Amino acid sequence: MSQMPRSTALSRCPSCEEPLESGDLYCGACGYDLSVVPAPPSDPPTLTMNGTVPRPSSEAGPVDWPAAPPAGGPQAPAPVHLPTDLPGTDLGGAEPPGTPAGKGVRFDRSAEPDDYHLASPQHSTSPEQGGPPSQPVDPRTAVPSTPPAATKVCVACRAGTVDGDGYCENCGHAQPRERDHLEQELGAVAAVSDRGLRHHRNEDAFAVSSTALPDGSPAVVAIVCDGVSSATRPDDASLAAARTASEALLDALPRGTHPQQAMHDAIVAASHAVNSLAAEPETAQEHAPHQNAPACTLVGAVVTASLLVVGWVGDSRAYWVPVDRAAPPARLTEDDSWAAQMVAAGLMSEAEAYADERAHAITGWLGADAYELDPHTASFEPDRPGVVVVCTDGLWNYAEAAEEMAEVVPLDAGLRPLHAARVLLGHALDGGGHDNVTVAVLPFPALPQGAGSA
């Protein structure tokens, strides 16, 4: 049967702490002679709290105790008094004789309450209003005053006013910018623009409008611009381009200018508007060495009763989606981008080119430092009704092919263009919303809405 190991007098070498076996005379590790190890003391010393060893009682000498000072002497301690010797403590709580009223220490007072109840907060009332003097107002229960008319109210606390920097003066909450989300509908056209989920501001812009041709037939216009993020003031560039191009079309179309020529001239006018931003003081103040002059892309569409015209510079796109989904959809624009150049030169397939990290490097844009302005225009005469989708890459990144875009466009887009634009925006946000998203939806043919613009 098994046996328990027997303990040795020394379990470890005193020199190197190497474990020892029973009967070892020398340490196998360092050679220490174990026979000269002194036997441990029978009673190890007890250490005091300060780490010193008390002297053995046999060595302790007689103690010289100091003599007590005489009573009443200068070094005598103060006399000890019992509680009953103090006046006033054995009177059952009564004041000692000779104590003025209200001046003694009382031990029979009732216990103080643990909680002190505060009075309910009162609203301030000025004496001029006929009320009591002004009282402090508890901000937690006070009814906020109604801000003056035309004052912007905080979207978070609904009480404070917003300062010039866009922050609430009451709670400090940053307010959404006006361009973070925009929607517009004119019946025959609708557009939506959104900041997206990753960008700190919306650098896209759009302009939608409608007018009448010389013969009285309707003409609907949509312009969508995408600011170049690596440039100075990209949001100002896109807004200037969208407004200028729309105004140019609304001026040219009623005068009988052909829609395709009017689109070309509108792009040129938008380019001049963006170029002029480079000379403004605001650009110099915001310019950084790694930034370029204000720049943006542009895509636009003009829809009449029988004609569809698109124009573009950059990589914003226009798509055709017929109402009859059995008919094929089509992309109406070609990107000014590195990927498009690779595909056009036959060096890469479209899937390979757009999978490359250089795919979205644009080769054409509106701006003072553009290589050369080359407006692209195209004219179509669709043989069936449908809708035109004009958008920035913030949308088509999630529906690149025409077939993919057609799958996202609702079937009733021609009847509810604003609803369709919202659905397309939601598709981009659901896909990740990595960029600003702007989309305009124009039914074809243009519905008679009467002349006018917005």
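Every read-out reported here was derived from the displayed coordinates using simple, explicitly stated rules and does not represent laboratory data. Being a predicted model, the structure only gives us computed values, none of them experimental. Here the Cβ is made from the backbone with ideal geometry for all residues, glycine too, and neighbour counts use every protein chain on show.
A compact table of results
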item: Two-site label geometry, Glu350 and Thr161: point separation in nm, points 7 Å out along Cα→Cβ; result: 5.6 nm
item: Computed over the stretch 312-381, Cα set: Rg, Dmax in Å; result: 14.1, 45
item: Residues in the stretch 234-261 that a label on Ser306 would reach, taking backbone N under 20 Å of a point 7 Å out along Cα→Cβ; result: 253-261
item: Virtual spin-label span in nm between Glu280 and Arg416, 7 Å along Cα→Cβ; result: 3.8 nm
item: The stretch 233-354: radius of gyration and largest Cα-Cα distance (Dmax), Å; result: 17.4, 54
item: Cβ-defined net charge surrounding Leu249, 15 Å radius [Lys, Arg +1; Asp, Glu -1]; result: -1
item: Angstrom value of the Kirkwood radius, inverse mean 1/r, which spans all Cα pairs in the stretch 279-343; result: 15.1 Å
item: Kirkwood-based shape ratio for the stretch 336-453, expressed as Rg/Rh from alpha carbons; result: 1.01
item: Simple spin-label estimate for Tyr371 and His272 in nanometres, 7 Å along Cα-Cβ; result: 2.5 nm
